[in-house]
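Chemist: Dropping the structure in here first, questions after.
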Amino acid sequence: MKNLHLTLLLTLSSFCTYAQNQIVLNADLGKHTISKHIYGHFSEHLGRCIYDGIYVGENNPKIPTVDGVRKDVIDALIKLKIPNLRWPGGCFADTYHWKDGIGPLANRPTIVNTWWGNVTENNSFGTHDFLNLCERLGTEPYLSGNVGSGTVQELSDWVQYTNFDGVSPMSKLRKENGREKPWKVRFWGLGNEAWGCGGNMKPEYYANIYRQYATFMTSTGNDRLYKIASGASDADYNWTEVLMRDIPHNMLDAVALHHYSVIDWNKKGPSTTFSEDQYFTTMQRAYQMEELVTRHSNIMDKYDPNKRVDLIVDEWGGWYDVEPGTNGAFLYQQNTMRDAVLAGMTLNIFQNHCERVKMANLAQIVNVLQAVILTKEEKMILTPTYHVMEMYNVHQEATMLPLTIQTNQYKLDNRQLPALTCSASKNKEGITHISLTNIHAREAQEITIDVRGAKYASVNGRILTAATLQDHNTFENPEKIKPAAYNGATLSGGQLKVKVPPFSVVVLALK
């Protein structure tokens with residue numbers, strides 16, 4: 001009987017240990033840098049992203065601008081420290097002909113945006129506007145080239161127009177249009193979603209198309225181009241396999257991946273009045289990023305064990321039904337605490353896989369999908385997603401610190417997910433930052449963090465949380481959700497005790 005009691009006690013002890021949230025942080029084992037480009041963004045000629053969101057023209061009487069770009073948006077993006085910005089699409093990229101968007105406005109042709117609502121595109125925002133904006137933001141441009149309906153010559157000319165400093169037809173044309181020095185664009189995408197809106201290609205066909213286009217995209221001087229292949233959708237592992245097998249790696253710098261957290265493509269659900277069941281499903285879709293990144297990386301390791309080719313997740317985020325009363329093709333949706341924890345979870349995944357994942361682009365930057373900024377005439381609001389990305393930017397170019405995590409489960413019906421995700425880094429000043437997300441809709445999480453390989457004297461932090469999951473910022477109440485000081489962490493010796501409220505994001509700083 002004593003032995004039976006002892007067995008029961010050991011079993012209960014083991015269960016209790018497992019049921020606690022425990023993290024072991026190895027502060028002295030960091031090797032890999034978290035690329036700042038994981039914090040990239042995406043701007044497409046879609047709905048009100050470019051026009052009304054970014055660009056309103058130079059003669060707007062209500063909205064202060066710089067060369068036609070909203071000054072409030074510029075200021076917000078500078079604070080966010082965005083490292084790169086992707087443009088002009090998206091599906092729009094493979095119908096876009098860049099020469100339509102240069103030269104005097106009166107001479108630019110109008111086209112029909114067949115992908116997003118068949119609206120008229122007047123090409124008033126073009127190459128100069130975008131690249132000058134990137135300079136103003138201190139961010140690197142990421143141009144998506146037209147491989148679907150364009151030509152090799154057209155893309156080759158665009159490279160020369162933006163990058164060549166010598167005498168050539170394209171550099172001459174650039175100077176005639178008012179730009180003396182080239183912009184030196186480094187990041188180039190060769191098509192977008194070639195498996196779908198970019199041409200409905202098979203991977204073997206696209207691999208050959210890529211090789212053809214890449215051959216004629218020549219670098220100038222020491223400014224080497226960084227060429228990104230149109231990658232897989234979600235779990236299409238064969239696409240990645242074929243590209244890694246069929247494209248010589250000296251022609252390939254990165255393979256892209258797209259993944260959206262969609263409840264159901266036929267019934268995406270509302271952005272603000274969602275149920276807990278819909279919330280849980282969104283988190284399930286978001287957490288799939290861990291498996292997708294792992295499995296695509298494993299395929300890449302097979303052909304590229306030295307990790308020369310990067311994995312680029314250049315479209316990600318939550319996708320819901322559009323706001324009632326808005327154009328269904330414009331993909332305008334609100335942004336709640338659901339989006340905040342989705343962003344925190346996803347960034348933690350990217351950072352923990354930073355050895356292979358070197359860039360990512362949230363879709364999209366203003367007024368479309370999981371935007372960081374929403375605008376309405378002269379008004380502008382920062383979304384919960386904006387605040388998470390601002391809190392997390394302390395990780396940019398810091399050394400990722402490996403950790404192990406044992407977490408409670410967030411359970412709903414017969415489904416379960418890890419309640420916590422976490423990532424950590426140490427910056428050049430020696431400050432360690434730990435990012436925590438609690439996706440549980442109802443329960444706070446108490447966490448023990450054992451820090452090994454370093455000693456710290458103080459801890460402070462910031463938190464993003466709200467009264468309900470559905471809470472969001474509005475044009476009438478723009479600061480309902482914003483970061484606050486967090487004092488819920490205690491440090492004793494080499495151990496941290498942290499309590500994270502339900503559906504919250506916390507970033508700690510240890511010195």
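Any read-out appearing in this document is the output of simple, stated calculations on the displayed coordinates, not a laboratory observation. All values derive from a computational prediction rather than experimental measurement. Note that each Cβ is placed from the backbone with ideal geometry, even for glycine, and that neighbours are counted across all protein chains shown.
Chemist: Quick one: of the DSSP bridges fully inside region 69-192, what percent are antiparallel, nearest 5?
Modeler: Approximately 25 percent, going by the DSSP bridge assignments.
Chemist: On a 0 to 90° scale, report how tilted helix 2-19 is relative to the longest principal axis of the chain, with both axes built from alpha carbons and the result rounded to the nearest 10.
Modeler: The helix 2-19 is inclined about 30 degrees to the chain.
Chemist: Relative to the longest principal axis of the C-alpha atoms of the chain, give the angle of the C-alpha long axis of helix 337-352, reported between 0 and 90° and rounded to the nearest 10°.
Modeler: Long axis of 337-352 versus the principal axis of the chain: about 90 degrees.
Chemist: Hey, quick one: spin label on THR468, modelled 7 Å out along Cα-Cβ, who in region 438-459 has an amide N within reach, i.e. under 19 Å?
Modeler: 440-444
Chemist: Quick query: amide H of VAL147 versus all other amide H atoms, modeled in the peptide plane; which residues come in under 5 Å with a sequence gap of 5 or more or a different chain?
Modeler: Answer set, sorted by chain and number: GLY191, ASN192.
Chemist: Amide H to amide H under 5 Å from TYR486: which residues, 5+ apart in sequence or cross-chain, H placed 1.01 Å off N in plane?
Modeler: Amide H neighbours of TYR486: GLY461, ARG462, ILE463.
Chemist: Still on this structure, I have one more. How do 427-439, 94-106 rank on mean C-beta neighbours within 10 Å, highest first?
Modeler: My ranking of the peptides, most packed first, is 427-439, 94-106.
Chemist: Let me ask something else about it. As a test of the formula, what do you get for the chain when each DSSP H run with n ≥ 4 contributes -39,500 (n - 2.57) and the sum is divided by the residue count, at 222 nm and rounded to the nearest 500 deg cm²/dmol?
Modeler: Result for the chain, helices only: -8500 deg cm²/dmol.
Chemist: Enter the Cα centre distance for the pair region 226-252 and region 320-361, rounded to the nearest angstrom.
Modeler: Taking the Cα centre of region 320-361 as reference, the centre of region 226-252 is 23 Å away.
Chemist: Moving to a separate point now. Take the residue pairs LYS426/LYS499; LYS267/LYS411; LYS71/LYS379 and return only those whose Cα atoms are more than 20 Å apart.
Modeler: Checking Cα-Cα distances, LYS426/LYS499; LYS267/LYS411 exceed 20 Å.
Chemist: Ok, one more. At q = 0.08, 0.10, 0.14 Å⁻¹, what base-10 log of I(q)/I(0) does the Debye formula yield for region 36-396 when every alpha carbon is treated as an equal point scatterer in vacuo?
Modeler: Log-scaled intensity ratios, in q order: -0.37, -0.58, -1.22.
Chemist: Using θ = phi - 60° and the Karplus relation 6.51 cos²θ - 1.76 cosθ + 1.60, list the HN-Hα couplings for region 443-460 in order, rounded to whole Hz, with x at every Gly or Pro.
Modeler: Those phi angles translate into 10, 5, 10, 8, 10, 10, 10, 8, 9, 10, x, 6, 10, 10, 9, 8, 9, 9 Hz.
Chemist: Now a separate question. What list do you get for THR385, THR114 if you sort them by fewest beta carbons within 10 Å?
Modeler: THR114, THR385
Chemist: Note the angle between two axes, namely the Cα long axis of helix 127-137 and the longest principal axis of the Cα atoms of the chain, as a number of degrees from 0 to 90, rounded to the nearest 10.
Modeler: With both axes taken from Cα atoms, the answer is about 40 degrees.
Chemist: Right, another one. Where Lys and Arg each count +1 and Asp and Glu each count -1, what net charge lies around LYS99 among other residues with Cβ under 10 Å from its Cβ?
Modeler: So the surrounding residues net to -2.
Chemist: Also, quick follow-up: Please list the non-local residues whose amide H lies under 5 Å from the amide H of ILE312, H modeled 1.01 Å from N, same-chain partners needing a gap of 5 or more.
Modeler: Placed amide hydrogens put VAL255, ALA256, LEU257 under 5 Å from ILE312.
Chemist: With just the Cα atoms defining each centre, how far is region 74-108 from region 138-214? Give it in Å.
Modeler: For region 74-108 versus region 138-214, the Cα centre distance is 13 Å.
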